[in-house]
Structures are given as C-alpha cells and as structure tokens.
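The values are calculated or read from the model by the stated rules, or taken from the named source; none is laboratory data. Predicted, not measured: the structure shown is a model, and the values here were computed from it. All Cβ positions, even for glycine, are placed from backbone atoms using ideal geometry, and neighbour counts span all protein chains on display.
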C-alpha cells in the first residue's frame, strides 16, 4: 500500500454516499476509487478495484453490509472494512465484527473520526468509536452467564446487572448512561428480564429483586 489510502464507499443513500465521497476525496492522502449502492456492488467493486478500505453501510438492498463484509474479507482478507451505520445495537456491532469488519462508526461520527478510522484500518489496526469501544471492552470483560448460586440463574450477567439497577430505582435512561448502552438495548434487556422472571411490570420486578437482596 502506498501513502494514499484507496477507499471504496458503499451506501444506498445517494446524497450521503456522494457527500462522503466528496468529503473524503478532498482530503490529502485519501483517494475514493469507487462507490457502491448496495452490497452486491460493494463485493464486486472490492474484488475489481482492490481498495485498501471499504466504508460499508449495514442496511442496503440485495445484500446487506454484514454479508457483504463477510464476502469481501473472505475473498480479499487484506482489505479493511469500516462499518458506518445508524445501528448501534450490540447485535449489529458484534455481527459486523464476526463478519470481519475492523472498524465500526456511527453515522453521527465527525470527519476526524471517520478519517482516523479509515487510516487506522488501512494500516491493519482495528478501531471503534469511543462509546462503542467501551461497550466492546465491557462485553468481553463480562461473565456471559450469571454466577452459580445467584438468585436468578436464568438471567445473563448483563440482565442480572440491569435488574440490580432497576431494583435500585434507576430509570432505563439512567441505566443506559451508567452502562454505556443504547436506550433500546436497555429496553430489550428489561423486557427479557420481565419474561424470564414471569413478572408483569417494573414494580413487580423490583419487589422480586429486592426480596432476593438486590438493589437494597
């Protein structure tokens, strides 16, 4: 790879795609070698153009960005993929990582963050936005299942942690801030907790949790 980072952009929204292409193309050290409007075009373009980095949207027609990433990294492992998406759910993040993406940024990322991610991935590094990096580190440091002898063994470690905060009177928004999670992820976990504990609402969950010694 030379000093110039060759980039392929894949996004099905033409205004966003063209705007980002113009932005990156104006920067020293970055060359936009092509654009793709869907996952199939991204895979074909990567194979033909052999860019250093593919900036990949997740939700695209014909072939989504996760499957396109998997195809590109399998076919050309030297190509780095930076996923740039509106989706911040853990499920999407880890699916992208398993598919071979080495970078993950939310579409709210600023110009400096995008350029830094592209440059780092082109050099073989992995990079994630600050909030996402905290969640990655937290995910891998967490025990996946609640410890034996815990009052609610049917809950995962994450659900147990959230239930303890619910029992302590925290709102979903406060829990999201404290654990660096999206509000939607917290809502999903709370719903799972209610289902697993067979409780109808938050008040009943708090009673069950406090009776078991949580949140006191």
### Task
Find the residue count for the range 101-130, including only residues that are part of a helix (DSSP H, G or I) and either farther than 15 Å from residue 9 by Cα or modelled with pLDDT under 85 (or both).
6
### Task
Please work out which residue is surrounded by the fewest Cβ atoms within 10 Å (Cβ to Cβ), limiting yourself to the range 80-96 and to residues that are touching a helix residue (DSSP H, G or I) at 6+ places or on another chain (Cβ under 8 Å) and assigned to a helix (DSSP H, G or I).
94
### Query
From 25, 108, which residue is free of Cβ contacts under 8 Å to residues at least 24 places away in the same chain, within 14 Å of the chain's Cα centre (by Cα) and surrounded by fewer than 20 Cβ atoms within 10 Å (Cβ to Cβ)?
108
### Query
Among the residues of the range 63-79, is there at least one that is part of a loop (DSSP other than H, G, I, E, B) and under 27 Å from residue 180 (Cα atoms)?
yes
### Query
Do you know which residues across the range 180-193 are over 20 Å from the mean Cα position of the chain (by Cα) and surrounded by fewer than 18 Cβ atoms within 10 Å (Cβ to Cβ)?
191, 192
### Message
Can you tell me which of (1) farther than 24 Å from residue 93 by Cα; (2) at pLDDT below 95; (3) surrounded by fewer than 18 Cβ atoms within 10 Å (Cβ to Cβ) is the one residue 49 doesn't meet?
### Response
(2)
### Task
Sort out which residues of the range 155-179 are surrounded by 15 or more Cβ atoms within 10 Å (Cβ to Cβ) and not in a helix (DSSP H, G or I), and write them in order of number.
155, 156, 168, 170
